[in-house]
Amino acid sequence: MKPNFFSDGSPYLAHPLLTPERTKEEVDFILAQLKLSPGDYILDIGCGSGRHSIALAERGFRVVGIDPSGAMIEAARQAASGIEAKPQFFQVRAEEFQTEQKFEVALCLFTTLGQVDNGGDNRLLLGKAIGLLNNNGRLIVEIPHPGWVKTNLVNQENIPLQKGVMYIERNFSENDNTVTEIFTRVTRAERRVYLLKYRLFTQEELTSMLEAVGFSIEAVFGGFQERQVGPENPSILVFSTV
């Protein structure tokens with residue numbers, strides 16, 4: 001089996017930047033831009049360990065989280081075990097997700113869009129998303145800002161662990177605009193390798209892809225604040241509507 005960043009023991013599950021405070025700020029910003037009512041349905045595409053899904057469910061929304069990784073879905077279900085109105089979590093690729101439920105909002109955040117596996121990147125999920133939304137439903141997409149990534153990419157990094165060390169190698173390819181990150185966790189007991197590869201898109205590329213499948217662009221932000229897009233901001237956040 002080839003290394004997969006989202007497999008059992010993934011570094012993502014202990015990502016130092018994915019704090020509860022960051023999740024709250026992101027959810028607060030998204031909800032401030034939308035007019036939603038408690039009980040509305042929200043789809044979290046590429047939900048990972050469920051941090052956004054759980055935060056939204058705790059605020060009274062009916063949430064479905066989907067992710068192709070079994071390890072991520074298991075972690076999300078465990079994280080949600082202590083809350084009353086739990087999200088529903090399903091292990092499935094967005095392109096293959098089937099449901100009769102229509103959603104008011106779909107989220108596609110962090111590095112979900114553009115992730116690359118043996119079948120190429122997953123941009124086709126945008127076309128799938130439009131069919132899962134109600135009339136006037138919204139899709140919110142976050143992608144890394146290419147300029148920020150190229151300027152701030154750390155090619156090699158070693159992070160001490162409680163019982164070992166994590167070696168990280170990162171590379172950007174100009175040929176196909178992809179970032180490859182290889183995480184090697186070494187302890188006395190084992191050596192495990194995790195691979196993450198994702199395609200970078202410009203703002204223009206993303207909005208063009210959204211418009212090509214039928215979305216209209218509502219707003220574009222430089223991350224989860226009301227600021228303009230620029231290479232000084234790590235991400236691009238696009239609000240679109242059916």
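A few remarks follow.
- One chain, two ends: R77 and K102. Fully extended at 0.36 nm per residue, the span grows by 6.8 nm beyond their Cα-Cα distance.
- Potential lengthening of the chain between T23 and R191 amounts to 57.4 nm, from the contour at 0.36 nm per residue minus the alpha-carbon distance.
- Its relative contact order, with pairs defined as Cα atoms under 8 Å and 6+ residues apart, puts the chain at 17 percent.
- In this structure, the residue pairs whose Cα-Cα separation is over 24 Å, taken from K24/K197; K35/K197; K35/K86, are K24/K197; K35/K197.
- Here r is the Cβ-Cβ distance between R170 and T241 and R0 is 41 Å; the resulting FRET efficiency, rounded to 0.05, is 0.70.
- Selection of trypsin sites (Lys or Arg not before Pro), the stretch 15-54, meeting DSSP coil and at most 12 other Cβ within 10 Å: K35
- Among E142, E84, E204, the order of accessible area from largest down is E84, E204, E142, computed with a 1.4 Å probe on protein heavy atoms.
- Here the chain is assigned +1 on the Cβ of each Lys and Arg and -1 on the Cβ of each Asp and Glu. Its dipole about the Cα centre then comes out at about 620 debye.
- Principal axis dimensions, the chain - Cα atoms, whole angstrom, descending: 53, 42, 33
- H52 accessible area, assembled protein chains, probe 1.4 Å, Å²: 10
- When peptides 180-190, 63-73 are ranked by their average number of other Cβ atoms within 10 Å per residue, the highest-first order is 63-73, 180-190.
- In Å, descending, principal axis extents of the Cα set of the stretch 173-242: 52, 26, 25
- Given their separation in residues at 0.36 nm each and the Cα-Cα distance between them, A85 and E232 gain 49.1 nm when the chain is fully extended.
- Among the GluC sites (Glu not before Pro) within the stretch 95-129, those in coil by DSSP and having at most 14 neighbouring Cβ atoms inside 10 Å are E100.
- A 1.4 Å probe run over the stretch 60-104, with the rest of the protein chains in place, finds 56 Å² accessible per residue.
- Most to least packed among 171-178, 209-216 [average Cβ atoms within 10 Å]: 209-216, 171-178
- For the pair A14 and Q162, label points projected 7 Å from Cα toward Cβ lie 0.7 nm apart.
The values are calculated or read from the model by the stated rules, or taken from the named source; none is laboratory data. Given the structure is predicted, the values throughout are model-derived calculations rather than measurements. For neighbour counting, all protein chains shown are included, and Cβ atoms are generated from backbone atoms with ideal geometry for every residue, glycine included. Just so you know, the surface numbers come from the protein's heavy atoms only, side chains and all, with ligands and any DNA or RNA stripped out. Shrake-Rupley method; radii C 1.70, N 1.55, O 1.52, S 1.80 Å.
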